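Quick notes on the structure that follows.
The values are calculated or read from the model by the stated rules, or taken from the named source; none is laboratory data. What you see is a predicted model, and the numbers here were worked out from it, not measured in a lab. So basically every Cβ, Gly included, is an ideal-geometry build from the backbone, and we count neighbours across all protein chains shown. Only protein heavy atoms, including side chains, enter the accessible area calculation; ligands, DNA and RNA are left aside. Shrake-Rupley method; radii C 1.70, N 1.55, O 1.52, S 1.80 Å.
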Amino acid sequence: MSFEGKVAVVTGGASGIGEATAKLLAKKGAHVLIGDVTDDGGARVVSEIEAAGGSARFLHVDVAKASDSKAMVAEAVSTWGGLHFAANVAGIGQVPSRLHDLDEKTWDLTMNIDLKGMWFCMVAELNHFLASGGGSIVNVASGAGMRATVGQPAYAIAKAGVIQMTRQGALEYAKDNVRVNSVSPGLIDTPAVQALPDDVRAMYAAGQPNGRMGRPEEIANTIAWLLSDEASFVSGLNHVTDGGWFQMSPK
Ligand SMILES: NC(=O)c1ccc[n+]([C@@H]2O[C@H](COP(=O)([O-])OP(=O)(O)OC[C@H]3O[C@@H](n4cnc5c(N)ncnc54)[C@H](O)[C@@H]3O)[C@@H](O)[C@H]2O)c1
């Protein structure tokens, strides 16, 4: 799997799954533009990629703003002369609630970043791919988008929307040489999850089929494969990478 000389954008690349994805694509030869709201994290990841001999750049991108997504694509194209791959990873969880006591602010914030933000990124990326002759997109959804999830209604609904938006994109642009897939991670040991209390993390880990959480690199591997030419006949897939969690009966 080589990305030698190709150009990729990775949203959410300043941390966790996005960071692992940006580093893997750069290691495999891609020029990587990281778009994220966390400036210090983005700068750190760029310097770590460069120290390892890779090529990367950071741009402050709030995926909830259409103009930022457009700027992200424009920056990648003006810096490296094109864009071939997009990993839309940026996302947030929600303050726990049930549907009836979910407040409108939480609903709007979650939808604006996790669903509308994904759409804004896809629009900017697709506009480029339609003009340039094609490309490959991977959206990060979640196992939470595939079945009801305690305490996470807005997040789960947004991620279900990401899975459907992926299928929609795969169908609409199949004849334009554009592939669109999603990855639904299970529980992955990222800074977002590391912020949870130790006992909660231990409980989550114990609930996994193999007794451990996934590593960000294990999701990055799936993302890179789906982006790559090795997956040239794969489109519209929601790839579940979760150590078998989805196959378990909910407790
Ligand atoms: N960690 C898990 O267990 C898990 C499971 C399923 C799905 N996911 C999904 O994976 C993705 C990455 O999650 P993670 O666990 O690596 O989290 P993380 O918090 O480590 O990283 C998320 C990154 O997204 C960035 N971000 C947040 N809002 C943004 C915005 N408006 N614009 C641009 N960037 C923004 C953050 O600054 C951060 O760098 C998310 O979409 C998340 O929903 C995570």
Task: Tilt relative to the chain, helix 66-80 - C-alpha long axis, 0 to 90 degrees, to 10 - done: 40
TODO: Pop a pseudo-label 7 angstrom from the Cα along the beta-carbon direction at both ARG201 and ASN177 and give the gap in nm to one decimal.
DONE: 4.5
TODO: Could you rank the peptides 27-38, 147-158, 202-213 by their average count of other C-beta atoms within 10 Å per residue, with the highest value first?
DONE: 27-38, 147-158, 202-213
Open item on the list: Helix-only mean residue ellipticity at 222 nm, the chain, DSSP H runs n ≥ 4 weighted -39,500 (n - 2.57), per residue, nearest 500. What is it?
Closed with: -13500 deg cm²/dmol
TODO: Work through the residues other than ILE49 whose Cβ is under 14 Å from its Cβ and net out their charges, Lys, Arg +1 and Asp, Glu -1.
DONE: +1
Open item on the list: Restricting to Cα pairs below 8 Å that are 6+ residues apart, what does the relative contact order work out to for the chain? Please round to a whole percent.
Closed with: 19
Task: Formal net charge of residues neighbouring LEU59 (Cβ-Cβ distance under 9 Å; K, R +1; D, E -1) - done: -2
- [ ] With springs connecting C-alpha atoms under 10 Å apart, model the chain as a Gaussian network and identify which of SER142, SER182, SER228 has the largest mean-square fluctuation.
- [x] SER228
Open item on the list: Under the 0.36 nm per residue contour assumption, what length would be gained going from the current alpha-carbon distance of SER47 and ASP103 to full extension?
Closed with: 16.2 nm
Open item on the list: Give me the dipole magnitude in Debye, nearest 20, for segment 7-232 about the Cα centre, with unit charges on the beta carbon: positive for Lys and Arg, negative for Asp and Glu.
Closed with: 460
Task: Sulfur and carbon atoms: percent of accessible area, the chain [1.4 Å] - done: 56
Task: When each of LYS27/LYS159; LYS6/LYS28; LYS6/LYS70; LYS65/LYS175; LYS70/LYS116; LYS27/LYS65 is checked by Cα-Cα distance, pairs over 21 Å - done: LYS27/LYS159; LYS65/LYS175; LYS27/LYS65
Open item on the list: Taking 2.2 N^0.38 Å as the expected size of a compact globular protein, what ratio does the Cα radius of gyration of segment 7-232 give against it, to two decimals?
Closed with: 0.98
- [ ] Compute the signed sum of charges (Lys and Arg +1, Asp and Glu -1) over the other residues within less than 11 Å, Cβ to Cβ, of GLY145.
- [x] +1
TODO: Determine the per residue accessible area of the chain with all protein chains present and a 1.4 angstrom probe, expressed in square angstrom.
DONE: 47
